[in-house]
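Structure record follows, encoded as structure tokens.
The values are calculated or read from the model by the stated rules, or taken from the named source; none is laboratory data. Computed from a prediction, not measured in an experiment: that's the story for all the values here. Cβ placement follows ideal geometry from the backbone for every residue including glycine, while neighbour counts extend to all protein chains displayed.
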Amino acid sequence: MRRPSGPLWLAIPSRFAALTRTQARIRLALLALLLLATWLALATPGPPAASHDPAKRGDDQADVVLYETIVDGVRHGGNYYAVAADALRIGNYPLRPFVTFRLPTLAVVLSLLPRVAVRILLYGLALGVMLAWYARLKPAFARPPPRIVAMALLAGGMVAFVQADLAYFHEIWAGLLVALSLALWRPGRWLEAVAFGLAAVLIRETAAPYLAIMAAFAWLGGDRREAAAWVGAIAVLGVALALHAHAVAAVVRPLDPASPGWAGMLGFGFFVKTMTIATALDLAPLWLGSLLVGLALFGWAAWRDPLAARMLALFLAYAAILGIFGRTDTFYWGLLVAPTLLVGLAFVPDGMRDLIAAAGDTRRITVTRVLR
């Protein structure tokens, strides 16, 4: 058998280090298909480019302005649902079904804080995510330089999450809370992860697939208590959504417009494009940024850690959700998983070296029996 080479950056060999030649060649072929598939983003429609003109902020960030208006209305004593319904009508947004209204959690919390405190809270949460991921990734790398690279990649995934103009955007907070929950999760230590995961879905219910994925992995891993905790968080969300639907029904009028639906069917390329838009890859040409998204997914597949499998499942789940249900104006769903995506690039050197070495292995052992 081929002896795996020592790791380059990682503290332990990658998941591909002990593959047979056939297994490695199959994975190399799948990687090539994945990288080719990322170029579907080149032919996939996306949201209109922002003008970056402060005078046109109402057009560039219409949703953010909407949520700011709602928070201001609640801050001045308005009922959340009445304020939200009026703001949606003025902005020509749909009011049906009930999920067109955001859960009131974020608006109520932010309405209790002065504007400067909102920014401080956002920056504090972002810093907490950075510190938690540093602690989580430190044992994964053998030396300080790759740790620094991993943290730089994490920062690249969080560029949108430290923009004060987006502080009233629900996906910003929910995405940071999901990232923090993932960083705090350990085998056998899950209470903090469940708590922050629940906080994320109570801000944005579209983060619910995260809870389902973590519950499934806990159940398959044999930890029934952890699985029950994640299922309990899903049940709390279900109760909250039921109460939310009842409150929305009280303010919606028969002639209010309905959503056009969410069957966008834009495919895998739309997921790739949303990941480039939501991260520092937006600064690179789309063809290059798309390849890096594919390599980041490969990197998460290469890291031999229980968290890596959960991360990869989360990205693939949102790739399916965005590809099937996303529309060009709902690209921001990708913010729920964007903060940690680029960290996968830090695992690529070991994973790629091990995969290529295994695929090219030609050494054989010949056993000869000598008869005397």
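What the table shows:
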quantity	calculated
Elements of type helices (runs of 4 or more DSSP H) contained in segment 255-372, each with 1 or more residues being among the basic types (Lys, Arg), within 13 Å of the chain's Cα centre (by Cα) and more than 19 Å from Leu8 (Cα to Cα)	306-325
Segment 164-195 - residue that is among the charged types (D, E, K, R) and over 18 Å from the mean Cα position of the chain (by Cα) and, of those, surrounded by the most Cβ atoms within 10 Å (Cβ to Cβ)	Glu192
Matching option when the condition is modelled with pLDDT of 95 or more and more than 30 Å from Phe315 (Cα to Cα), among Ala249, Ala240	Ala249
Test: residue in segment 126-146 that is within 29 Å of Gly73 (Cβ to Cβ) and part of a helix (DSSP H, G or I)	yes
Segment 305-350, residues that are of a type in the set (Gly, Ala, Ser) and within 17 Å of Arg147 (Cβ to Cβ)	Ala308, Gly344, Ala346
Residues being in a helix (DSSP H, G or I) and hydroxyl-bearing (Ser, Thr, Tyr) - total across segment 147-189	1
Matching residues in segment 161-180 - criterion: being out of contact with any Phe, Trp or Tyr (no Cβ under 8 Å at 6 or more places or on another chain) and either among the charged types (D, E, K, R) or free of Cβ contacts under 8 Å to residues at least 12 places away in the same chain (or both)	Gln163, Asp165
Number of the exception - Tyr318 against (1) buried (at least 20 other Cβ atoms within 10 Å of the Cβ); (2) at pLDDT below 95	(2)
Among residues of segment 117-160, those that are closer than 30 Å to Ala11 by Cα, of a type in the set (Phe, Trp, Tyr) and in contact (Cβ under 8 Å) with a residue 24 or more places away in the chain, counted	2
Pairs where the first residue, in segment 221-248, is farther than 15 Å from Val194 by Cα and the second is not in a helix (DSSP H, G or I), C-beta under 6 Å, 6+ apart	His244/Leu103; Val248/Phe101
Among the candidates Ala82, Ala55, Ala18, Ala24, residue that is over 26 Å from the mean Cα position of the chain (by Cα), crowded, with 18+ Cβ neighbours inside 10 Å and either in a helix (DSSP H, G or I) or modelled with pLDDT under 95 (or both)	Ala24
Close pairs (7 angstrom Cβ cut-off, 6 or more residues apart or separate chains): farther than 21 Å from Ala107 by Cβ in segment 190-209, not small (Gly, Ala, Ser) and not in a helix (DSSP H, G or I) anywhere	Ala193/Trp185
Any hit, segment 107-121, residues being crowded, with 22+ Cβ neighbours inside 10 Å, assigned to a helix (DSSP H, G or I) and within 18 Å of the chain's Cα centre (by Cα)	no
Test: residue in segment 122-132 that is at pLDDT below 95, of a type in the set (A, V, I, L, M) and closer than 25 Å to Asp282 by Cα	no
